[in-house]
Each structure stands twice: as C-alpha cells, then as structure tokens.
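Colleague: Before anything else, here's the structure in question.
The values are calculated or read from the model by the stated rules, or taken from the named source; none is laboratory data. This one's a predicted model, so the numbers in the text were calculated from it and none came from an experiment. No Cβ is skipped: glycine too gets one built from the backbone with ideal geometry, and neighbour counts run over all protein chains shown.
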Amino acid sequence: MKMQAYLLLGLLFALVIAAFAVVNGNPVEFNYIFGKASWPLVLIILGSAAIGGLSVGMLGFIKIVQLRAAIKRYEQQAKADNDSKKLERVVDYQAKEAQEE
C-alpha cells in the first residue's frame, strides 16, 4: 500500500513537470562548460528532471547495497557469537563431568 502511494505521488509529480515543460516550449540559450546551445526549454526541464531522478535513484541503490552488506556482516557475527556460546556450553559441561568423576 505504501509503495502504491509513492508510485502515485511520483506519477503526479511527473505529470506536473511534463505540463510545466510543455507550457514552456520557447527556445532558450543554454550555457554549459564547453559552449552554448539553443534548445527548447521543454528539453532542458525534462532533462534536468531526468538527471535529478537518476541521481536520487543511484544514491538510493548505493544505500541499499550498503545496508545489505551490513546485514550480512551482522548475520555472520551473530552466527559466530552463537557458535562460540555453544562451544562454551559444551566445554563447561565436559568440565563438570570431569569434576564429578
């Protein structure tokens, strides 16, 4: 349900950007590092929105990968801790048996 709400909000935002871009179809001069170009404002607005969306998506993907790696480390650490506790119990049990004999 939560993902559907995010999808609807994303589609609504994309629709608003598209409507804004279509209304602003005038050619404008675009200055970039290596020169200038005259492009329709529609392309500049949509291109900027696409680059922003890709940037946010990539950062989110990187964060997901980092969190998955952390989960894997914690699971391995928990398994190692559990194994060492089992070994301590076995050693304690054997020590008790040795004292009783």
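Okay, residues lined up against (1) polar (S, T, N, Q); (2) assigned to a helix (DSSP H, G or I):
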| residue | (1), (2) |
| --- | --- |
| Q4 | yes, yes |
| G10 | no, yes |
| F30 | no, no |
| A70 | no, yes |
| E75 | no, yes |
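Colleague: To continue, here is another question. Any chance you could count how many residues in region 1-21 are modelled with pLDDT of 85 or more and touching a helix residue (DSSP H, G or I) at 6+ places or on another chain (Cβ under 7 Å)?
Modeller: 0
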